[in-house]
Amino acid sequence: MATFRLQGSKVLAVDMTGDAVKAKNGSMVAYDGQMAFKKMSGGGEGLRGMVTRRLTGEQMELMEVKGQGTCWFADRASEINLVSLHGDKLWVEASNLLCTDAGLRTGTSFTGLRGGATGNGLFTTTVEGSGQVAIMSDGPAVVLRVTPQYPLAVDPGAYIAHQGNVQQHFQSGVTFRTFMGEGGGEAFQIRFEGDGLVYVQPSERNTVGGDV
């Protein structure tokens, strides 16, 4: 299995000994040794995955990188965070997914009505299995705990990913910008209930469904 390690907070180094990883198209910045690169159709899910993503608008272009040596990945100087999966599932916005172990399964999941990021609509990308995942954030990510006693409300523009036994619901609400008089439309939130982790970034994307 490939070894993921961070060099600083914005570059991911992956050591491979004949292994393979799936990475965001165009995110390779350097490599040593012998590497082969191959574009993957439909985010690595074949024709069915390609059709599903086209219908849902969940955009994820991946490439497979395989070989002997070290490959370095980065994207627009984004902060990189490593997530370890142990037979569980990670839900992540496609634009925030940088790299995964090749053995992890990627898919598309309906997440209900919510103010998702532009182009992502009501669906999100899933990563499932055992291995490492590198996700990106605009600024240092914060990992927030959700428990049955303490549900969590998150601005959709700040949401990156979540994992665990968590249910998410779309709800109308208010944000700090609404209080400051800068919101021009209806505000939305994602409410998380259950037991798990939610990853958020200290920056907001433009989202559909109103100013958030």
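No value in this document is a laboratory result; all are computed from the given coordinates. Just so we're clear, the structure is a prediction, and the values are computed from it rather than from any experiment. All Cβ positions, even for glycine, are placed from backbone atoms using ideal geometry, and neighbour counts span all protein chains on display.
Applying 0.36 nm per residue to the separation of residue 142 and residue 17 and subtracting their alpha-carbon distance, the gain on full extension is 41.8 nm. Label-to-label distance for residue 1 and residue 130 is 0.7 nm, based on points extended 7 Å past Cα in the beta-carbon direction.
One decimal place: the segment residue 34-residue 72 gains 12.4 nm when fully extended, by the rule 0.36 nm per residue minus the C-alpha distance. Computed extension length for residue 84-residue 165: 27.6 nm, one decimal, from 0.36 nm per residue of separation with the Cα-Cα distance subtracted.
Taking a straight line from the alpha carbon of residue 39, these lysines sit under 22 Å away, with near neighbours fewer than eight places off in the same chain left out: 22, 24, 66.
Highest average first, the peptides 102-108, 30-36 ordered by how many other beta carbon atoms sit within 10 Å of their residues are 102-108, 30-36.
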